[in-house]
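What follows is a short report on a single structure.
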Amino acid sequence: MQVPRMTRWVIGIWVLVLGAYTLVSLLLKPGPSLTAFGDIVQCLVPLLANAGLLLNAGSTNWRRNLFWMLLALASTAWMAGQFVWTYYELYLRVPEPNPSPADLIFFLHGVPAMATLALRPDRDQPIRAWGHGYVDFALLLLWWLYLYAFMVLPWAVAVSDVARYSQTYNVLAHSQNVVILAGFGLFWLRTKGPWRVVYAHLFGAACTYMAGTLALNVAMDLGNYHTGSLNDIPMVASFLWYGTAGVAAYRLKLHRRPPPPQPADETADQAAAGEGVWLPRLAMVAILSLPVLALWAFWFSGALLKVREFRLMVSLVSSIPLGILIFLRQHLLDKERLRLLEESRQSVRDLKQLQAQMVQSEKLVSLGQLAAGAAHEINNPLTAILGYADLLTEDAAAGDPGRSLGAKIREQARRTKQLVTSLLSFARQVPAERTLLDLNAIVTNALQLQALNLRNDHIRFETQLETVLPGVRGDSNQLLQVFFNVISNAMDAMEESGGVLTVKTKRERSQVVVQFSDTGPGIREPHRVFDPFYTTKPVGKGTGLGLSICYGLVKEHEGAIACYNRPEGGATFRIELPVALAIFPQRESSVPAKPKAS
């Protein structure tokens with residue numbers, strides 16, 4: 001079995017670093033050389049951890065990016081504390097004091113690691129606002145700072161008691177490690193798939209780090225610790241293991257793989273609801289812990305008066321920034337709720353509008369069926385009228401008034417029959433069928449159908465149809481619907497003032513162009529007329545769906561539709577459709593296509 005190259009590199013780094021550290025610790029005696037070696041190595045291993053962790057920071061998922069960046073921040077903070085330790089031991093050549101300025105840095109390096117527990121990058125949870133994440137992290141950081149100032153600092157500031165200082169510091173630091181260890185362990189047990197491997201590595205790294213800190217504390221208490229000793233090996237191994245977790249995630253391509261789909265929307269909703277419930281609860285616990293701990297310190301702790309006064313002052317001072325952050329978080333939540341409420345209201349309005357449109361559509365379907373039935377019934381007497389008109393015309397002598405009257409009856413009956421045929425074609429619901437079409441005929445049918453609705457004598461239709469117009473491939477019913485809707489909108493625009501609608505067809509290169517130009521007031525927002533539900537008509541007169549449907553139908557025919565206001569007044573709708581030769585060049589021409597330039 002061949003080991004992947006990246007895995008070989010990881011194994012090589014483990015063997016090199018731990019083997020060299022163990023060998024040097026055994027060969028060198030405690031002294032400046034061993035101290036320098038131990039400090040330098042412990043400053044470098046967090047860099048190795050960051051190199052593995054930040055391999056995954058290029059993901060398109062912000063939760064995963066933030067997860068790995070926070071873990072890298074924790075390693076960087078620990079490295080900063082180690083720099084302070086190294087400064088004392090290598091530059092000043094004195095043991096690090098106790099208390100040390102690095103204690104706070106070492107303590108706070110666990111805060112970013114704990115913040116990762118709230119992200120759960122293995123889940124496809126809804127994206128929360130960045131502002132909420134900043135406030136939550138600031139709350140977590142300030143609360144642990146408060147605990148450090150409340151539990152540890154009194155024994156270094158109020159009174160000088162190194163033993164109590166070290167004891168409280170170790171208890172608080174180990175509590176922090178237990179939280180991180182328990183979180184990664186729980187995720188490891190409850191997660192399936194590739195992320196289970198990653199959480200297993202993180203759990204192992206957290207276990208090694210906690211074991212290393214316990215070993216260091218025991219060695220320090222016994223006076224057996226010196227930098228570069230074998231007691232440092234678990235600490236060094238923990239950072240190598242954190243880097244290995246990042247490499248494992250990179251090998252499994254978790255930075256590219258999208259979050260796993262949830263089995264149902266209810267799962268994602270429950271996860272988001274759980275996150276939305278627990279974070280406010282933890283924030284409430286944080287703010288309520290201040291007065292509770294202050295009361296305990298003042299009345300029940302039994303500590304010295306200076307310690308109690310110091311803890312009371314720390315609680316009062318900490319309540320101000322924590323309270324501000326709580327109110328800021330609540331303000332952000334209120335804004336988010338208002339935004340969601342407005343979106344839900346808009347969704348309800350759109351839903352009601354869509355329901356009204358569906359009801360209207362059902363009415364139109366019923367009306368179309370009724371019209372289709374009536375049209376069939378009208379066709380029978382029209383056929384009889386045409387027959388009798390033909391007989392009347394043939395039987396009448398030349399110059400007889402009856403002959404002229406019969407011709408007029410026949411002309412009007414044929415016109416009525418053509419209108420009925422167009423109405424049946426428009427109302428018929430058939431699957432889309434692409435055939436060779438004459439756009440002039442479809443435009444004429446649409447104008448004839450709209451002429452039936454023409455109730456304003458001040459509106460006129462003018463046509464400028466090109467005589468020899470190439471055919472296009474498409475569905476006659478769909479294109480008839482498009483032209484019908486465009487003409488209807490023009491008639492509505494000219495309803496009050498009247499005007500002229502000019503319909504023009506022409507050929508432009510490989511396109512057939514149909515233009516509808518009216519003399520109405522123009523279009524208020526030409527760039528929005530094809531948006532769904534956009535309408536300038538009063539409530540009850542328009543749904544804003546007609547032109548958006550026309551846009552979709554024209555696009556299905558591989559064409560284009562646009563509108564603009566004319567300089568002389570009015571609006572123009574321009575529809576372009578490819579001629580039949582442009583749609584199927586390989587069937588109509590044997591000339592090979594010219595290759596595109598690369």
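The values are calculated or read from the model by the stated rules, or taken from the named source; none is laboratory data. The structure presented is a predicted model; accordingly, all values stated were derived computationally and were not measured. All Cβ positions, glycine included, derive from the backbone under ideal geometry; neighbour counts span all protein chains shown. For the accessible areas, the whole protein counts, side chains as well, though only heavy atoms, and no ligand, DNA or RNA atoms are used. Shrake-Rupley method; radii C 1.70, N 1.55, O 1.52, S 1.80 Å.
For this structure, a couple of remarks:
- Residues of the stretch 272-295 satisfying the condition of being at pLDDT 70 or above, surrounded by 15 or more Cβ atoms within 10 Å (Cβ to Cβ) and not aliphatic (A, V, I, L, M): Ser289
- Among the residues making up the stretch 288-324, those that are of a type in the set (A, V, I, L, M, F, W, C), closer than 18 Å to Asp161 by Cβ and more than 50 Å from the chain's Cα centre (by Cα) are Ala303, Leu304, Leu305, Val307.
- Residues in the stretch 61-108 that are part of a loop (DSSP other than H, G, I, E, B), free of Cβ contacts under 8 Å to residues at least 40 places away in the same chain and more than 21 Å from Val157 (Cβ to Cβ): Leu92, Val94, Pro95.
- Residue in the stretch 66-90 that is nearest to Gly133 (Cα to Cα), counting only those that are surrounded by fewer than 19 Cβ atoms within 10 Å (Cβ to Cβ) and aromatic (Phe, Trp, Tyr): Phe83
- Condition check for Ala77: under 30 Å from Val162 (Cβ atoms), touching a Gly at 6+ places or on another chain (Cβ under 8 Å) and of a type in the set (A, V, I, L, M, F, W, C): no
- Output for the stretch 296-354, where each listed residue is in a helix (DSSP H, G or I), under 20 Å from Ala156 (Cβ atoms) and touching a residue at least 40 places away in the same chain (Cβ under 8 Å): Ala297, Lys306, Val307, Glu309, Phe310, Arg311, Val314, Ser315, Ser318
- Flag if Tyr165 is surrounded by 18 or more Cβ atoms within 10 Å (Cβ to Cβ) and farther than 28 Å from Asp122 by Cβ: yes
- Selection from the stretch 555-578 of residues that are closer than 14 Å to Leu479 by Cβ and either β-branched (Val, Ile, Thr) or outside any strand (DSSP E or B) (or both): Lys555, Glu556, His557, Glu558, Gly559, Ile561, Ile575
- Residues satisfying the stated conditions in the stretch 18-44, i.e. under 20 Å from Tyr225 (Cα atoms) and of a type in the set (A, V, I, L, M): Leu18, Ala20, Leu23, Val24, Leu26, Leu27, Leu28, Leu34, Ala36, Ile40, Val41
- Among the residues making up the stretch 217-232, those that are assigned to a helix (DSSP H, G or I) and either touching a helix residue (DSSP H, G or I) at 6+ places or on another chain (Cβ under 6 Å) or open to solvent by less than 20 Å² (accessible area, probe 1.4 Å) (or both) are Asn217, Ala219, Leu230, Asn231, Asp232.
- Within the stretch 65-102, being basic (Lys, Arg) and in contact with a Leu (Cβ under 7 Å, 6 or more places away or on another chain) holds for no residue.
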